[in-house]
Each structure stands twice: as structure tokens, then as C-alpha cells.
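First the structure, in the form of C-alpha cells, and then the observations on it.
The values are calculated or read from the model by the stated rules, or taken from the named source; none is laboratory data. Note that the structure is predicted; figures quoted are calculated from it, not measured. Cβ atoms come from the backbone with ideal geometry, glycine included; neighbour counts cover every protein chain shown. We work out accessible area using only protein heavy atoms, side chains counted, and drop any ligands, DNA or RNA first. Shrake-Rupley method; radii C 1.70, N 1.55, O 1.52, S 1.80 Å.
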Amino acid sequence: MDLELKHPVALVPTMGALHAGHASLIKIAKKHSEEVVVSIFVNPLQFENPNDFSSYPKSVNADSELATTSGATKIWTPTFEEIYPNDPEIIASGEIGNLFEGVHRFGHFDGMLTVVKRLFDLVQPKFAVFGEKDFQQLFLIKRMVAQMQLPIELISAPTIRDSSGLAMSSRNQKLSITERENAGGIYKALNLANSASDLTTARSQLTKGILAIPNFLLDYAEIIDGESFALAEDSTVNCRAIVAGWINGIRLIDNMAMSNLGNSK
Ligand code: PAF
């Protein structure tokens with residue numbers, strides 16, 4: 001497929017329903033390259049639940065406008081056949097892909113890596129920008145790029161939050177105003193954990209903060225080693241708190257480096 005791009009390209013892969021978080025990724029991409037491609041493709045392979053796939057929010061016109069005003073030079077909306085002309089070679093996310101997000105979203109990370117690799121193959125970017133909000137996704141993409149020795153510089157972008165502290169996500173638009181306010185409690189819980197100077201206190205503060213969120217159905221709240229995804233120990237240098245759960249059926253995830261533990265970054 002000829003995308004007629006001016007290389008070097010910075011790629012921002014998305015599934016559409018763009019928001020301020022995506023705008024910040026595009027602006028970061030623009031700092032690395034004049035040509036910025038925003039791909040919009042809702043990848044069926046990474047949805048374990050067909051209803052979630054079919055109800056994924058779509059807003060192509062608004063997306064194009066936001067992407068263009070943020071600096072995108074090409075908004076690419078490939079079809080399923082363009083991405084997967086043949087049966088795709090599924091990329092295994094391995095053991096780490098079956099932890100945390102992978103426990104409840106079976107096959108999600110294999111599907112995610114498979115489409116990211118296809119996007120890389122088709123666009124041949126020099127740079128690709130991903131948000132830190134999806135920390136496990138970012139971890140697995142970094143590992144894939146390293147293992148396959150792909151000539152791509154990955155740029156991780158900080159999480160953008162709304163006024164309640166809730167991490168921006170396309171799914172947030174399904175929450176009511178009160179639910180969004182309540183969901184801001186995830187950020188408060190992460191900050192509470194981050195105020196602790198030892199791991200045991202950080203873990204109990206995280207749990208305390210999460211349990212205080214009205215109507216939050218907890219999936220996991222843990223402190224892990226951000227370099228390996230193993231549970232953090234007292235000696236861990238890069239501790240990171242990761243949280244996931246649901247409010248009114250909407251899945252929310254977030255994470256934060258625990259800067260007072262070890263030498264976290
Ligand atoms: O984070 C997302 O929006 C998706 O997982 C991605 C990276 C665009 C792959 O479909």
C-alpha cells in the first residue's frame with residue numbers, strides 16, 4: 001500500500017474517539033517530525049468482548065479536526081482488509097500479556113501487538129508515540145520493538161487528566177458527570193500511595209484510597225516493578241502503582257510512578 005508519506009514519519013496509532021490525551025501525543029510527535037500520521041483503526045483482534053468492539057465510540061469528523069489542529073499531516077483510516085489482507089501472524093504477548101489487564105481481557109495484548117506491528121510495517125515510521133496511561137501496553141510494545149530490533153524510536157507520553165484527575169480515555173464519555181468526579185478518586189488514591197516512603201504503606205494507602213471511591217468495582221490495585229511487571233519488593237528501583245476497575249460497566253485504568261520508593265522514575 002502506498003501511503004505517499006514524506007519520511008521520516010512520526011506515527012500516532014489510535015482507535016479514534018480522539019480527546020485531549022491524543023492531541024498531546026500528536027503534538028509530541030510533531031516535535032520529532034514534520035510528517036505526522038495519525039492512524040484510526042478499531043482493531044477487532046484486541047477486543048475480547050464483541051459488544052465492546054461494536055459499541056466503541058466513533059467520531060471520524062471530529063477526530064480529523066482535532067488531529068489536524070494538533071499537527072497531524074495525514075489522518076489514515078485503513079480498512080480491515082488493508083491492515084489484514086491475509087490471516088495475520090499473531091504476535092504473542094507472552095506471560096506478561098496474561099497478567100493484570102490480560103487476566104480479564106484474554107488475547108487483548110496479542111491482538112494489540114499484532115496490529116501495532118502491522119501499522120509499523122505499513123507506515124515504516126521513524127518515531128511512534130504511545131501514552132503512558134496504558135502502561136502494560138507501552139511495556140509490551142517496547143519489548144516487541146527491542147526483541148524484533150525494529151528501527152523505530154518509541155516515545156512515551158505522560159497521561160493527560162481532566163479537572164477531577166481522571167486519566168483521559170475515549171471510554172470516559174460514557175460516564176455521567178458524577179461518575180467522572182468519582183473516578184477522579186483513582187488519581188487521588190495513586191497520589192496517596194505516592195506520598196508513602198515505604199512499600200507496605202504505599203500498598204495500604206493505595207487500597208484505602210481505592211476503597212473510598214463510590215461505586216468502583218476494583219479489578220486490581222498493585223505496586224509492581226515497572227521494569228519487569230513483577231510485584232514490587234523493598235529493593236525494587238522503579239516502583240509503579242497500577243489500578244483497574246469499573247464504574248457502571250466502564251473500564252478505567254491508571255498508573256503512577258512511585259517517586260518516593262526506591263529511585264523510581
Ligand atoms: O491504545 C490504543 O488506542 C490501541 O491499543 C492501539 C495502540 C492504537 C492499537 O490498536
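What net charge is computed for the residues neighbouring residue 153, neighbours being all others with C-beta under 13 Å from the C-beta of residue 153, Lys and Arg scored +1, Asp and Glu -1? Once positives and negatives cancel, what remains is +3. Restricting region 87-190 to GluC sites (Glu not before Pro) that sit in a DSSP loop and have at most 11 other Cβ atoms within 10 Å of their own Cβ leaves 89. Across every pair of non-identical alpha carbons in region 151-233, the mean reciprocal distance, once inverted, gives a Kirkwood radius of 14.3 Å. Taking the alpha carbon gyration tensor of the chain, multiplying each eigenvalue by 5 and rooting it gives semi-axes of 30, 21, 18 Å, largest first. Relative to the dominant Cα principal axis of the chain, helix 199-211 is inclined by about 80°.
For residue 77, the accessible surface of its heavy atoms amounts to roughly 70 Å² (probe 1.4 Å, protein chains only, rounded to the nearest 10). The apolar share of the surface of the chain, taken as the fraction of accessible area on carbon and sulfur atoms (1.4 Å probe, ligands and nucleic acids excluded), comes to 51 percent. Pairs from the table (6/30; 58/117; 27/58) lying more than 19 angstrom apart at Cα are 58/117; 27/58.
Taking all protein chains together, 256, 168 sort by accessible area into 168, 256, largest first [probe 1.4 Å].
Peptide packing: for 123-130, 213-220, 138-145, the average count of neighbouring Cβ atoms within 10 Å per residue gives the ranking 123-130, 138-145, 213-220, highest mean first.
Straight Cα distances below 16 angstrom link residue 188 to the lysines 133, 208, with same-chain residues fewer than 8 positions distant left out. Relative contact order of the chain: 16 percent, from C-alpha pairs under 8 Å at least 6 residues apart in sequence. Take every DSSP beta bridge whose two residues both sit in the chain, then give the antiparallel share in percent to the nearest 5. Percentage antiparallel, nearest 5: 55.
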